[in-house]
Amino acid sequence: MSHIVNSYNRLKIPIVRGEGMYLFDQSGKKYLDFVAGIATTSLGHCHPYIVEKLKEQLDSLWHCSNLLTIPQQELLAERLVSLTFADKIFFCSSGLEATEAAIKFIRRYFYVKGQKKRNRIITIEGGFHGRSIAAISAGGNERSREGFAPLLSGFDKVPKNNIQALEEKISDETAAVFLEPIQSEGGVYSLNVEYLQQVRQITEAQGIILCFDEVQCGYGRIGSLFHYQNIGVEPDILTCAKAMGNGFPIAACLTKDYIAEAITPGAHGSTYGGNPLAMTVGNAVLDMMLKEGFFSHVQKVSKYLRKKLLYLAEKFSKKVLEVRGEGLLIGIELKAPIADKIVDQCFNKGLMLTKILDNRVIRITPPLIVKNEHIDIACDILYDSIASNF
Ligand SMILES: *Cc1c(COP(=O)(O)O)cnc(C)c1O
């Protein structure tokens, strides 16, 4: 019997080693990993360069607190600023902490400006922003909220891709619109680019902050460092985590200067956030992602994967409702709620996938280093499992 709190439906087979695209169980059986630790190990398991940099850092300094200047943190911040819309970075250790930071920065900005009533945040139904009380109040589905009352007030939810509903929700108390440009946990739904452009225009015209949660769709998964760069819609704040540390806990809140100015010593903080180990890994991950050809590789393999999945959807049009998503963040919605069965069968055949949305959607988030040959293997296994399951 396990002594772990039962908050996850775990596969019972212990995994003991990872290398590149593969995970290995105790018996040595290998699994092609198309989950990547939930869109996290984007450079593959135990990437030699990241391992080397982390080992070097382990021998010199682990942790010293943010009461001291941390050169690796300054460097990663400088690099992220030079690569994005942002002027300032706040480092933390998980996606939900980045959510919390963004919410606090938004509220504090209007507070410092003397607009204390402007503290409400509009979020989109189906969005996911983490598991803290604030994060489940902001997003999440009913199931993630059930039993955790009282939740926080101050969030107004609107349906996705409905600009009129959003406009009607805006009041003189609205501080920000906070959204996931591609809703992943919510079923892999992309928000329309025209919708996001309109949200940008409206928020800008009304002096409302726009925050993108790129915890899952950011860091290369859609073929650019951040997804906002693919669609040409710039937020004022952005949260990122998951792939940022390739499995080492790192997250960040990227922000414009005018918002960051509201945060003064004591207003926010994190003991671990941005520590030397994390920042060494963060810089090493960026070194790899900024190598010539990295993002164009992601774009190329994404096209290949999509083509193969669309073929599969067509072939099994009685069983597959839709292939959704972008880049290497893909959902396959089935016409029957048997994603768990298919995911289990694929696992037994050596392929790891996840299921979401009440068992109706199979989600595919391989490491970004995936090659066509891995996609061929995965699609063959998936093809067989779907074929044998209806
Ligand atoms: C995973 C995720 C989070 C939460 O990240 P944690 O590190 O689990 O706290 C927030 N937003 C999105 C979009 C996510 O996918």
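Bear in mind that the values in this text are calculations on the coordinates, not laboratory data. Worth saying up front: this structure is predicted, and the values here are computed from it rather than measured. So basically every Cβ, Gly included, is an ideal-geometry build from the backbone, and we count neighbours across all protein chains shown.
Before moving on, here are some points about what is shown:
- Here the simple spin-label model places points 7 Å from the Cα toward Cβ, and for Glu322 and Ala387 these points are separated by 2.7 nm.
- Relative contact order, whole percent, for the chain stands at 22, derived from Cα pairs under 8 Å and 6 or more residues apart.
- Candidates Gly154, Ala77, Leu309 compared by Cα position along the dipole of the chain: farthest toward the positive end lies Leu309, with charges placed on Cβ.
- Each Lys and Arg adds +1 at its Cβ and each Asp and Glu adds -1 at its Cβ; summed about the Cα centre, the chain shows a dipole of about 780 debye.
- Expressed to the nearest 5 percent, the antiparallel share of DSSP beta bridges inside the chain is 65 percent.
- Shape call, the chain: gyration tensor on alpha carbons, a/c limit 1.5: oblate
- Placing pseudo-labels 7 Å out from each Cα toward the beta carbon at Lys30 and Arg10 gives an inter-label distance of 2.5 nm.
- Here the contact order of the stretch 1-101, divided by its residue count and restricted to Cα pairs under 8 Å and six or more residues apart, works out to 13 percent.
- Under a Gaussian network description of the chain, with springs only between Cα atoms under 10 Å, the residue in Ala176, Ala149, Ala98 that fluctuates furthest is Ala149.
- DSSP beta bridges fully contained in the stretch 22-175 are about 40 percent antiparallel.
- Paramagnetic reach from Asn348 (point 7 Å along Cα→Cβ, amide N under 19 Å) across the stretch 372-390: 378-390
- Cα gyration tensor category, rounded, prolate or oblate, for the stretch 203-274 with a/c compared to 1.5: oblate
- Simple label model, 7 Å out from Cα along Cβ direction - His297 to Glu74, nm: 3.2
- The value of relative contact order for the stretch 85-148, using C-alpha pairs under 8 Å at least six residues apart, is 26 percent.
- Using 0.36 nm per residue and subtracting the Cα-Cα separation, the extra length available between Glu125 and Asn192 on full extension is 22.7 nm.
- Note on Ser171 and Ile133: with the Förster distance fixed at 22 Å, the Cβ-Cβ geometry gives a FRET efficiency of about 0.40.
- Full-stretch length increase - Ile38, Asn161 - with 0.36 nm per residue and alpha-carbon distance subtracted: 41.7 nm
- Calculated from backbone phi, Karplus (6.51, -1.76, 1.60) coupling profile of the stretch 338-350 in Hz, x at Gly/Pro: 10, 4, 4, 5, 5, 4, 4, 5, 4, 4, 4, 8, x
- Here the calculated FRET efficiency for Leu61 and Arg143, from their Cβ-Cβ distance with R0 = 41 Å, stands at 0.45, rounded to the nearest 0.05.
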